[in-house]
Each structure stands twice: as C-alpha cells, then as structure tokens.
1. Please go through the residue pairs Lys455/Lys612; Lys192/Lys258; Lys270/Lys616; Lys187/Lys468; Lys612/Lys656 and name each one whose alpha carbons sit more than 23 Å apart in this structure.
2. Any chance you could run the full-extension gain for Leu707 through Lys285? It's 0.36 nm times the residue separation minus the Cα-Cα distance, nm to one decimal.
3. If one puts a single equal scatterer on every Cα of segment 538-585 and applies the Debye formula without solvent, what log₁₀ I(q)/I(0) results at q = 0.19, 0.21, 0.22, 0.33 Å⁻¹?
4. Would you compute, for the Cα atoms of segment 498-565, the largest minus smallest coordinate along each principal axis and list the three values in descending order, in whole Å?
5. How would you rank 698-705, 185-192, 284-291, highest first, on the average number of other Cβ atoms within 10 Å across their residues?
6. For Glu402 and Asp471 in the same chain, what is the full-extension length gain: residue separation times 0.36 nm, less their Cα-Cα distance, in nm?
7. Counting only protein heavy atoms, what percent of the accessible surface of segment 719-762 is carbon or sulfur at a 1.4 Å probe?
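The values are calculated or read from the model by the stated rules, or taken from the named source; none is laboratory data. Everything quoted here is computed from the prediction, not taken from an experiment. Glycine also receives a Cβ, built like all others from the backbone with ideal geometry; neighbour counts cover every protein chain displayed. Accessible surface is based on the protein model in full, side chains and every heavy atom, while ligands, DNA and RNA are left aside. Shrake-Rupley method; radii C 1.70, N 1.55, O 1.52, S 1.80 Å.
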Amino acid sequence: GAGPRISLILMGRVVRNWSDMLARRVTMSHPPLKSPMEKSPMEAAPQRRWGRCTNGGPLGPKGTLPSSACADSLVDPTVVPAEPVAPAAPIASSIKSSSTLSWRGNRRRDAHYADPKEATAPDERDDCGGRGSGPCIVWLRDDLRLTDNPALHAALELGCIAVLPLFIHDVEDPCPCPLRGAALWWKGESLKAFDRSLRESCDSRLIVRLGVIEEELAEVAHAVGASCVCFNRMVEPWYRERDLRVEAFLRGQGLRVKTFQTVVLQEPWKGSPPMLLQQGPGEPKVAWEEVAPGRLEPRESQEINMQLPEGTAVADLTLPEVVSIVNADRLLSNPNPCAQLLTALGENENGERTDHRRRDPDHFLVYQDVENGSYSAQPLPSVRGCVLPCPRTWPASLNIEELGYHVTMGNGFPADGMPQYSEAALQHENAGCARSLLCTSDGADAPGDWAAGMKDLWRPGEDAALSKLRDFVANIECHKRPDRHRADLRNTSLLSPHLRFGEVSPRTCYAEAMRAPPHLRHGFVRRLLWRDLSYAELYRWPGMATMSQRLQYEEQSWTGSLAQLRCWQRGQTGFPLIDAAMRQLWREGYINNYMRHVTATFLIDYLDISWKEGFKWYDYTLVDSDVAINARLWQQGGHSGISQWNFVLHPVYAAKNADPTGDYVRRWVPELAVLPTEFIHCPWEAAGELLAQGIKLGVTYPRRCMLDIDSARRRHLAAIQRVRRAHPETISEDGTECLLLRDGSRVLLRTRDDIRRDTEELVVAQAPDGILHKRRFASSGVKSSPQQLLLDAELYGWPSTGRLNREMHIL
C-alpha cells in the first residue's frame, strides 16, 4: 500500500543524506592542505616586525613572562602599514541579525554605507562554503564572549560539521607592549571563564595552543581536516598587519577565510576624508594650511617647506590621513574648557566640492548616526544554548594554567624591568619573613599574592560584564557628573576591563545605553567614541606609546628624580590623595578616570617626570591596560598628543570632588585614618592633631616629596616654553601649536591656555573648592568662555542659560 512505499522513500533519502555527509568527511571540497612543515612563499618573505618577540615562548624562569621594553622595540614607528583607504568602503558592522542566525544587509542612503550585497569589502567575502562543509576553526583573541561574536555566529550559520574555538598564545607577538602584570592575570581568568561558558552552554571547549600563529593554525586545520577559518579583526597596526599576513597564509594553504569587525564601532582604515581633501587620479598634490579654526587654504608644498628650518620634525602623514582624527577630537571635546578649535576641517563654504556634512565637527560617518540614534547595526544574538558541533577527535590542547598567565606570586613592588612577580618578595616569602608593602581593604596582609585584591574585587568573564552593563544602565542616574568623580564610591561602570578583553562588545554597550534617557547616556556613549578615537590615533601613530605625537616635545628636559618616581609608584609621596590612588591601583588594578587624571598631572606637572614613565607603570598595573587608550591619556597629559588637557588638577584641592569625606584616604592610607576630615588631605597642617593621634610625619607616614608645588609647576612650564622657543615653526600667531605633515600641510592643535600664552602664571589651576579655572580667571581678568560656563554647569550643577544651550552642541 501507500504507507510502506512512503516509508521506503523516506528511508532511501536518509541513506543518501548519510552517504553524502560521509563522502564530504572523506573528500573535502577544497584543495588538500599542505603539511605544516612546508613553507609558503609568504613565510619565506621577510616580514616587518613591530616589536620584540618573546624568547622562544611566553614562559621565563619560574613561570614568569619575560619583560619587554617599549622604548627600543619599534621598527620605523612612524610608518603606517601600507593599506589603501577606499573612499567608499562599506561599513562591515552595518548588519542585522534574526533569531534564525541569518545575516541581513542593512541598506544605507549614504554612499559610504553601501549595502554589503552590493559592495563587499575584500576581507568580508563570504567564501567559507555552504552548509555541511568541513570543520570550521574560530580563531579567538580579545573576543572571548558568546554574545555579539560575529566569527562564532558565522561558524554556526555555515552549518559546518564541526566548530573548533581556538586560542593561540603567539610566541612572536608583534605588539611592542605585550600583556603583563595585572592585565595578563585578567586575560588568564577571562580564558577560564570563556572555556566554562563553552562547556556549560554550548557543549564545546576552548582549544589552547602556544607557538607561531601560522604554524598552530595550519597544524590544527590539518589535524581535523578544516575547510575554513573565521576570526574577528583586531585594529592595532601591528595586529592588523599580522591578520592580513595570516589570512594570506591560510588562503595559500587552501583554507577559506572570513573576517569580521567587532572591536570598535568603526575601524580606523574605513571612512573617507571630506570632499575638499579628496583628489582624483592625475590631480596635482595640494598642501593645506589651517589659517583659522576649520578654514583651510591651499599652499604650494614648496612654499611651506621653504619656511621650515633644516631638521624640523615632520609627521610622516598627510592631511587626508589625519583629518578625521583632528575633527573627532574637536567634536568629542565639546564642551571643553579649551575654547578654541571647535570647527571641523575640510568645510568649503564657497567651493563646489562639499560633503553636505553637518557644520559641527565630524569624525567617522558612523558617529553622526550614533548622535541621532540611527546607528542600526544591532548586536548579534548570543549563541548560548546552541550546541557547537564537535570534531570526532579534539586536537591537542594545553591547559590554560600552562600559559603562566595566573602567576602572581610575591607581594612587594616589582624590581626594575617589572617581572611578572617580585623575585625579592618571593625569596623573602620562602624564608618565612614576607611582609606586604600594602594592605588589603580590611587592613590585613596578603602574603604571597600581589593580585589578592584584584581577585577579591573582580570577576572576569562575559556573565559579569553583561550583568555590570545592565546594572549600570538601570542606575545611570547615579553615574552622572560630578558623582562619577568620587573615588570613595563605586560610581563608574567598571566595564573597562571587560570591554578591553572583548567580554562585551562596544556594539552591545551602545545598544544597551540607548535604553537610558538621552541626557544621561551621552557621557557613556561619548566614552565609546573616545575609545574608537584612541585606536584610530594608534593606527596612524604606531609609536605613540614611546614617541611624542608633537615631535618637538621629544626634546623636552625632565628634572624629576628616580626616587620621586618610586615614591609615586608606591604611594609614598606624602600627598594622601595621590598615595591612596596609587595604592589602590597596585592592589586592585584600577582607579577611576578622574583619579587617573589626578595622578597623571601630579607626575607630569608637579614632579616633572616624563609621561612615558607613567605610561609604563599604568601599562603594568591596570587590569584594563590598553596601548591605545593608555598612550592617548598620557600623551594628552604630557601635552605632546593631538590634544592637550586644559586643566591641571591639584593634589589637595582635587579631593573636594574625589574624596569630600576623607573615607577614600582612610581606606587606602590607614596611617592617617584617625585624622579629621579637615586635615586628612593635608596632614602637614595639623601639627597638634598629629601629635595627639600619635602620627609622626617621616616615621609613620612619609613627608611630602616636594614642598613648594607652585614653584614646581612653574619650572615645568619653563621647560615647555624652551621647547616652543626652539621650534617657532610649530607655533601660530596666537600661540596655538601646529602639526606639520609630510605633504606640507599644517593643522592647528588644541593647546592648553597657559602654554598658548607662554606664561609662567598659573592660569590653568584648580581652586580650593575643586573648581577648575574659575577663581584664577576671575582674579586675572580673563573672561570665562561659553565652553567653560557649560562645563561648570555640567560639573557643578550651576544654572546655565538657554542661549548657551542653543549655541553649543553637546553630544
């Protein structure tokens, strides 16, 4: 009858399907893999190295990672990897997802946001085969999450017979400042958390390997018969170069490769300069000079170069390459105490070539969408609960602990070179006489583990990241200025290390922030954009961790001593607010943004120690250590970056905003805990109180490492002025500094008020009430700018006029 016939037909189809699947397992549809031992032409060619590689592997003596100096490890740091910037490159992240894990193109009206179906970038090609193809390797780096992970998402959508999540410790890491210290500990914990998520939620596991990236990928692919590799692109210049090299190598091995954008909202090499600066083939090269904020005039390159003295330091960049950086800084710093340079470059009021962009400063085009809420590339759904198909046999894998990331033995400060742990402290511990230089939050010693405070405070991993994000947005009212400046309260999101290691994506952060009221979320969204800007700067200035962006400041002399640097690092300066912050940084691997500014300005403007020393210490002690963000912060504080801070925070007066009750100092500087609030930040003024409480400066608490801080600031300003006098070609008529570019162009850069005026008067200062500028401006007869009035209104809740609100653009 009909029933038996239907059953036989169905059985025949099942048999055919099984046969096809087995045939695909045996004979792959792609060319056979080369042996991992065979060298391709790509491997034989000499490759440019960005940094010093580790010595044969990550593990040094006794399980430590060798330290890596930044200063001498870059090869030609001013050269950006040769890479064309297509004027109409599509934005790869402009995609939406459906609940069925399918990709959909997100059509844009703007030519720069072309539909992926119509214009697909070369590294976005969907060439990984159809459903039922061979195993797919998902190469993971700083993207250890299940939510909004395009590479993992695509591997599932392809319907491969197996998906293999893979992490490789690159023994030839090209980064000039590879992970170490607190950030390395976080990375190890992040790997463990992600492996747990894979096992519990996806019935899978994380493969961990150690070696050269190309060799390890080829070996794993050869072992499982993989047909494709998916990975999310990194944006640091040395990692971008490595990604391109690895992709070419894998394709040469017969593997299909698919890459995705995920680290930033827009990658540094995408977008286009303003229409005014775009030149067609065969058009003569034009040099531009910014003669007034935002107004460019063409100049002959020879005419400009003739005015430059021989040996002038010129950035190896052109105006079209840096215009988006300069404009972004002007946009994101508005409102700002610095009243100058709020107009975008590249607007041509009378010319024919216009972009029709908004008149306010612009950066990458995606920012315009962020501001008006139309950035519609939503985060991809989580693959949690989706079973990742496993290979028949898992390839060899290390245990995560074997990488040595978790090594945090010892409890003293590190010796020179900043090893992964203090050798001297470990020897003392083995001898039974270890003593902690600092205490935990409850005042008890933490012998044998310098990361004990970090382990108490932090819970690395995606689950903690998403929980913090939701809690932050739900309680965003508590995180606005000036509350988020408080060091004694947890009034910041604490998301930075999670974002740094890819446990949550910036796209997810943005989408969640959109749930908050506009007047409360703009500060958080602006920080996401600042993060993009930091990576964009690093992409164009690969050496910005070790070399001033304003090259003339490489000649600045610094008078601070090594002893003062050690006092600053150890929280022994004699200034309680500074000491509390530096002790918290060492114990917890974190201080909030305001305290980072306070400690940085103290090191640079008061101790007169190079910003490079501060960068190296932050790089070692922060759990959210990031070369791009860290270098940009210190370059700005050291007045050598694309922008400059237009404030100098006082080591005592800053406590009015950061620690008004004194509880922060009492927690981290317990030697002074018994002092009343009026003296807790200036114990040298409490002679009677000190004697009554048994506190003796220089014995129970260190004396101040400097007595006349105003004179120290003037000495620092004098050193800056000597640099400016030696390089008049970098100074405009009103004192604003210029960036000199390879193509002969000049661009105005934001310049701190006291530097621009070439004065040793402390115009930029903080008053005892914690307010920046106000008292100094009033006493000197300088009128506060509209930007300053807006900033004061935002900071301190002063009433602002409707006129100002209408005139000024606030993101």
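1. Pairs exceeding 23 Å: Lys455/Lys612; Lys192/Lys258; Lys270/Lys616; Lys612/Lys656.
2. 146.4 nm
3. -0.77, -0.79, -0.80, -1.08
4. Here the spans come out as 49, 29, 25 Å, largest first.
5. Order by mean packing, descending: 185-192, 284-291, 698-705.
6. Result: 21.4 nm gained on full extension.
7. Roughly 45 percent of what the probe reaches on segment 719-762 is carbon or sulfur.
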